[in-house]
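The values are calculated or read from the model by the stated rules, or taken from the named source; none is laboratory data. Small disclaimer: the values here were computed from a predicted structure and weren't measured. Here the Cβ is made from the backbone with ideal geometry for all residues, glycine too, and neighbour counts use every protein chain on show. Please note that ligands, DNA and RNA were not included when accessible areas were found on the heavy atoms of the full protein model with its side chains. Shrake-Rupley method; radii C 1.70, N 1.55, O 1.52, S 1.80 Å.
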Amino acid sequence: MNSSQLKKAKREVRRRVLALRDRIPPAERERLARLVTDRFLVLPEVGTAATVMAFWSFGSELPTAPLISELSRRGFSVALPRVLDGELEARTWKPGDPMSETSFGALEPIDGEAVDPRDVDIVVTPGVAFDRAGGRVGYGGGYYDRFLAEARDDTLLAAVGFSVQVLDEPLPGGRFDRRVDVIVTESETVRCRARG
């Protein structure tokens, strides 16, 4: 598959899965977010983590505020992404710290200290669609793929989303696309590959 075919295939996946995700009513998204938060927090890797990079959801994404709040309440060092000069960086964040809204509607920290990607134990990874082998189709900017290339090999890449975002068929992917290790939805935890 050449580059233009890959882009076209990913666009089609995005269109199809976003249509499914957009149909979930807001109140139902909030209810499912609590289930995902509970399921995420019992991951064995959470018990040994110190620093977790999450993301502030927007639009019809799974609401991540409950997870971020609970991670902070439990004493984890929480980092959130911020785009600076076209690249994603992790910044420390605590409840009450100032945030600004991005052009696409997510919130990102205004201040906070920069966190080296190698110091992050778990990256809560966003995406539009995932497959059971850890394939991920994001929004097309490549921000996370570039950021994750700098993370440690043992950093857990944990996707969160709704069950409608997990597809049984393999997703289109290129050589720079990073796979996730685990996918947490309201109904299941999918272990995508053996870690070693």
Taking alpha-carbon centroids only, region 46-80 lies from region 123-139 a number of Å equal to 17 Å
Amide H of Val160: which non-local residues (sequence gap of 5 or more, or other chain) have their own amide H closer than 5 Å, using H built in the peptide plane?
-> Thr125, Val184
Region 43-100 - Rg (one decimal) and Dmax (whole number), Cα, Å = 12.0, 35
How far, in nm, would the chain grow between Glu45 and Glu28 when pulled straight, counting 0.36 nm per residue and subtracting the alpha carbon separation?
-> 3.4 nm
Using DSSP, restrict attention to beta bridges with both residues in region 44-144 and report what percent are antiparallel, rounded to the nearest 5.
-> 70 percent
Tally up the carbon and sulfur contribution to the accessible surface of the chain as a whole percent, 1.4 Å probe, everything protein left in place.
-> 51 percent
In the chain the DSSP beta bridges are antiparallel at a rate, in percent to nearest 5, of 55 percent
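Return one whole number: the accessible area per residue of the chain in Å², for a 1.4 Å probe.
Details: 9810 Å² over 196 residues.
The answer is 50 Å² per residue.
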Quick one: which of 2-9, 15-22, 76-83 comes out on top by average Cβ neighbours within 10 Å, and what's the full order, highest first?
-> 76-83, 15-22, 2-9
At q = 0.25, 0.31 1/Å the base-10 log of I(q)/I(0) from the Debye formula over the alpha-carbon atoms of region 99-147 is -1.22, -1.23
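Quick one: what do you get for region 81-166 if you divide its Cα Rg by 2.2 N^0.38 Å?
Details: Rg = 13.5 Å, N = 86, 2.2 N^0.38 = 12.0 Å.
Scaled against compact globular proteins, the figure is 1.13.
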Can you list the chymotrypsin sites (Phe, Trp or Tyr not before Pro) in region 100-196 that are in a DSSP coil and have 15 or fewer other beta carbons within 10 angstrom?
-> Phe104, Tyr139, Phe176
One point scatterer per Cα, no solvent, Debye formula: log10 I(q)/I(0) for region 19-142 at q = 0.18, 0.21 Å⁻¹ comes out as -1.10, -1.49
